[in-house]
Amino acid sequence: MLFLGVFLFLPLAVVFSSALAKGLAAYLASLREPDAWAAIRLTLIAAGIAVPANLLFGVAAAWAIGKFDFFGKSVLITLIDLPFAVSPVVSGLIYVLLFGLQGLLGPWLAAHDIKIIFAVPGIVLATIFVTFPFVARELIPLVQAQGNDEEEAALTLGAGGWQTFFRVTLPNIKWGLLYGVILCNARAMGEFGAVSVVSGHIRGRTNTMPLHIEILYNEYQFVPAFAVASLLALLALLTLFVKSAIEWKAKQQLARLEAAAAGEELA
Amino acid sequence: MSIEAIGITKRFGHFAALDNVDLTIPSGELVALLGPSGSGKTTLLRIIAGLEFADSGTIRFNGSDITEQTAGERRVGFVFQHYALFRHMTVFENIAFGLRVRPRKVRPPKKTIHSKVYDLLRLIQLENLAHRYPSQLSGGQRQRVALARALAVEPSVLLLDEPFGALDAKVRLELRRWLRQLHDEIHITSVFVTHDQEEALEVADRVVVMNQGRIEQVGSPDEVYNHPATPFVYRFLGNVNLFHGRIDEGHALLHNTAVQGKPPADNQSTLVYVRPHSLEIRRQPNGETHFRATIKHINAAGPLVKVEAVTEWGGPVHVEMSQERFRDLQLTNNESVFITPRDVKVFDGHSSD
């Protein structure tokens, strides 16, 4: 408990108390500041693209890995884990080396006037890469455990591929999917390393919330820094809350089923 | 609807699950695919269903080639060993599924679906459980729901993969009798897979005995049990004593005892099969052919008394007799007795597998 207090609750309290050190007005003002507002917007855009992209990818990968045997399956599983294994800074550097002006595709991109590095597309790409494993990792064991029987049953009953997916596969994985999406979102909004390398720290244009916090902090602007940080902290709390709510709901559903079964047996 | 499988071959890597199998199932019959695990029976069923596709060969329903059709297009009802009920749907929704996923043009109206599902619920005697989830049902109830779900789409054939395999012994017995009755009512061509010879012999009109990717014999329960075509069929359909014998001048000799039963050819060595209940134990020889044996173990629990003995040439022999006969004989362990084979089956010595 002491451990939890020192390492979890105390820092959280410090974030909020520092943010509100000069009163609520100063807190709100630092959030309304244009650069801070731009950072918040950019973070939402990056997460808003990365999370759906990885949702689609995660479901597709889990479905392919869980339901089929194919050549190169173990390679694919390893590749999915790659973003976990590689330092985010290195992932960011890889994008710079690929898309940067001196990079592999740099001259071609420059010739066509496409900006990826030090621009929004680079930030989105880096975020997608770093949050790549979350949904897939959450779903693969679930899909594998459930096997193919229900899908085959749906097919013999005349359901098409999409009908089978939306009516049978998806409902069976929805809690795991939601869980993966929440974790993916938390990471997408909080990502620092990879985004830092590709962003270029252009204030008001390519700064996400974590980058903005760092700059403010380095400039000794503690109230604005902690004000933005408090938003990320709130996001973390919200994530934890939704996560427990999902777990609680899933458990409650199970309990209700069991209670109903017990009741019928007594009757 | 009749089912024909012609020249079906299926390999998994180097393992031949089915090796050039031909099978014809007449319309309206209830057929059992019987065999040990790895005999290819489930693979054959899944190929008929369209859940698996053969490497070569043709499947025909009512004479028309449907080899390339998917499971949905074939309109088969498939019942899985572990039920495969949709766990997030109620019993009602499970049964209605096949009707609800139809394209809008051929989808029956809600009212029709409702009354049809309730008809099926009455058929499986589970009307009052329509709003339960599969997790709230017993194994036997789940399997009946799975059957109703398969029947809801009015399938052309009904295919069941080890339908009673996951149930306990008593429920299994009840459910297979119920399936037999059901089939007598609705006469849909049905094929079920089982490794339980008793189940196949009791339920099916016709039994297909499979082994190592091939069909050993097809026939009525009476035919396969009383006139087995191969040693495998004989062994698989019940307990059996196997003796090495030889053929001498047209007679099968078991050790030095001549036994009845026609040998297939004048062959020096042969295998002689006798069911445990076709051996008669006597205290005294009575002039009939016999051999000597010493009793080693007696198990008197159950409808038949099972006796283990050692023959005069040192091999084991199993004998079954009625409780009544056992009481008359008053057998004890280590007693020396005479055994007379009543009904033996002689196969070629080289065709042992």
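Computed values, structure above
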| quantity | calculated |
| --- | --- |
| Any chance B:His187 is of a type outside the set (A, V, I, L, M, F, W, C), touching a Gly at 6+ places or on another chain (Cβ under 7 Å) and surrounded by fewer than 19 Cβ atoms within 10 Å (Cβ to Cβ) | yes |
| Residue among A:Glu150, A:Glu138 that alone is of a type outside the set (A, V, I, L, M, F, W, C) and over 20 Å from A:Lys73 (Cβ atoms) | A:Glu150 |
| Selection from region B:195-209 of residues that are under 22 Å from B:Val272 (Cα atoms) and either aliphatic (A, V, I, L, M) or modelled with pLDDT of 95 or more (or both) | B:Val209 |
| Condition met for B:Val101 (among the β-branched types (Val, Ile, Thr), within 9 Å of chain A (Cβ to nearest Cβ) and either without any contact (Cβ under 8 Å) to a residue 60 or more places away in the chain or out of contact with any Gly (no Cβ under 7 Å at 6 or more places or on another chain) (or both)) | yes |
| 2 or more residues at pLDDT below 85: qualifying strands (runs of 3 or more DSSP E) within region B:264-353 | B:269-274, B:344-348 |
| Residue in region B:65-82 that is farthest from the other protein chains (Cβ to nearest Cβ), counting only those that are surrounded by fewer than 19 Cβ atoms within 10 Å (Cβ to Cβ) and within 19 Å of B:Leu158 (Cβ to Cβ) | B:Gln69 |
| Search result, residues across region B:35-54 that are more than 21 Å from B:Gly13 (Cα to Cα) and either within 14 Å of chain A (Cβ to nearest Cβ) or at pLDDT 95 or above (or both) | B:Ala49 |
| Subset of region B:121-146 [more than 22 Å from B:Asp168 (Cβ to Cβ), within 13 Å of chain A (Cβ to nearest Cβ) and not in a loop (DSSP other than H, G, I, E, B)] | B:Asn128 |
| Test for B:Val224: is it in contact with a Leu (Cβ under 9 Å, 6 or more places away or on another chain) and without any contact (Cβ under 8 Å) to a residue 24 or more places away in the chain | yes |
| Unmet criterion (only one of (1) at pLDDT below 85; (2) within 14 Å of chain B (Cβ to nearest Cβ); (3) loosely packed, with under 14 Cβ neighbours inside 10 Å) for A:Ala250 | (3) |
| Options A:Asn207, A:Asn185: the member that is away from chain B (no Cβ under 14 Å), within 30 Å of A:Ser87 (Cα to Cα), crowded, with 19+ Cβ neighbours inside 10 Å and in contact with a His (Cβ under 9 Å, 6 or more places away or on another chain) | A:Asn207 |
| Residue in region B:6-15 that is crowded, with 21+ Cβ neighbours inside 10 Å, of a type in the set (Gly, Ala, Ser) and either more than 24 Å from B:Val209 (Cα to Cα) or at pLDDT below 95 (or both) present | no |
| Check on B:Leu85, crowded, with 20+ Cβ neighbours inside 10 Å, closer than 30 Å to B:Arg132 by Cβ, touching a residue at least 60 places away in the same chain (Cβ under 8 Å) and more than 12 Å from chain A (Cβ to nearest Cβ) | no |
| Matching residues, region A:142-168, being among the polar types (S, T, N, Q), facing another protein chain (nearest Cβ under 7 Å) and surrounded by fewer than 23 Cβ atoms within 10 Å (Cβ to Cβ) | A:Gln163 |
| Any pair with Cβ under 6 angstrom, 6 or more apart, that starts in region A:54-70 at a residue that is in contact (Cβ under 8 Å) with a residue 60 or more places away in the chain and ends at one that is part of a loop (DSSP other than H, G, I, E, B) and hydroxyl-bearing (Ser, Thr, Tyr) | A:Asn54/A:Thr131 |
| Residue ID - nearest to B:Glu174 (Cα to Cα), chosen from residues in region B:110-129 that are under 32 Å from the mean Cα position of the chain (by Cα) and hydrophobic (A, V, I, L, M, F, W, C) | B:Ile124 |
| Extreme residue, nearest to A:Ile65 (Cα to Cα), among residues of region A:157-200 that are part of a loop (DSSP other than H, G, I, E, B) and of a type in the set (Gly, Ala, Ser) | A:Gly160 |
| B:Leu123 vs. criteria crowded, with 20+ Cβ neighbours inside 10 Å, of a type outside the set (Lys, Arg) and either touching a helix residue (DSSP H, G or I) at 6+ places or on another chain (Cβ under 8 Å) or closer than 22 Å to B:Leu45 by Cβ (or both) | no |
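The values are calculated or read from the model by the stated rules, or taken from the named source; none is laboratory data. None of these values were measured; they are calculated from a predicted model. All Cβ positions, even for glycine, are placed from backbone atoms using ideal geometry, and neighbour counts span all protein chains on display.
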